[in-house]
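Structure below; questions to follow.
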């Protein structure tokens with residue numbers, strides 16, 4: 001299967017899903033992205049506790065909105 005055909009097939013699958021199914025995928029991807037960002041923050045600030053990591057994550061999210 002070519003990359004183009006794979007993309008087209010994935011789009012077809014998304015279209016066949018309910019709105020609830022697509023929303024769940026979006027929320028899962030958002031949580032995955034946050035987990036990746038948290039890990040990056042922990043590597044950058046190894047002494048940060050969980051609360052500090054969450055604060056830094058929220059700051060990064062806010063900066064990305066600007």
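Could you work out how far the C-alpha centroid of the stretch 1-31 sits from that of the stretch 39-62, in angstrom?
The distance from the Cα centre of the stretch 1-31 to that of the stretch 39-62 comes to 30 Å.
Another one. For the stretch 3-65, what is the largest minus smallest coordinate of the Cα atoms on each principal axis, given in angstrom and ordered from greatest to least?
45, 26, 19
Tell me, what is the FRET efficiency for residue 24 and residue 47 to the nearest 0.05, using R0 = 30 angstrom and their Cβ-Cβ distance as r?
My answer for the efficiency is 0.25.
Could you work out how far apart the two model spin labels at residue 8 and residue 62 are, taking each label as a point 7 Å from the Cα in the direction of the beta carbon, and quote it in nm?
4.6 nm
Where a number appears in this text, it was derived from the coordinates with a stated rule and is not lab data. Values in this document were obtained by computation on a predicted structure and should not be read as measured data. Cβ coordinates were reconstructed from backbone atoms using ideal geometry, including for glycine residues, and neighbour counts include every protein chain displayed.
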